[in-house]
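Student: Handing you this structure, nothing more for now.
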Amino acid sequence: MNPDLMRSTYGKLMYLLQDAGKPDISRQLGMVLRKPIVTVKAFAEDKGMAAILEDPKLNLATQDVREGKSTDGSTIQQAVLANSEVTCLVVGVTYAVLGVTGCCT
């Protein structure tokens, strides 16, 4: 790490967390400040919904719809509409599996 780039508040926090991760300092603090990273795949598997990551609609829901990728305005509008509909569908399925109410309306 470059110390010159780590002088901000964020950088100081990173140094503090690195030091707090040492076993002797964790004991002195009486707590562990580390937590394993939870990926989307691990979260989906834990909730029993890993199949959603293989759903072909997921690619459509997450595709890039910037104007620079197409010159035709109607094509962009169709892509945005399809993207929002599929996104709502994917969110609805996810909310249903997680037991959350009040999805897309």
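Student: Taking segment 51-69 only, how many residues are loosely packed, with under 14 Cβ neighbours inside 10 Å and either modelled with pLDDT of 70 or more or not in a helix (DSSP H, G or I) (or both)?
Tutor: Qualifying residue count, segment 51-69: 9.
Student: Say we look at segment 33-50 and pick out the residues that are surrounded by 12 or more Cβ atoms within 10 Å (Cβ to Cβ) and among the aliphatic types (A, V, I, L, M); which of these is farthest from the chain's Cα centre (by Cα)?
Tutor: Going through the qualifying residues, I end up with Leu33.
The values are calculated or read from the model by the stated rules, or taken from the named source; none is laboratory data. None of these values were measured; they are calculated from a predicted model. Here the Cβ is made from the backbone with ideal geometry for all residues, glycine too, and neighbour counts use every protein chain on show.
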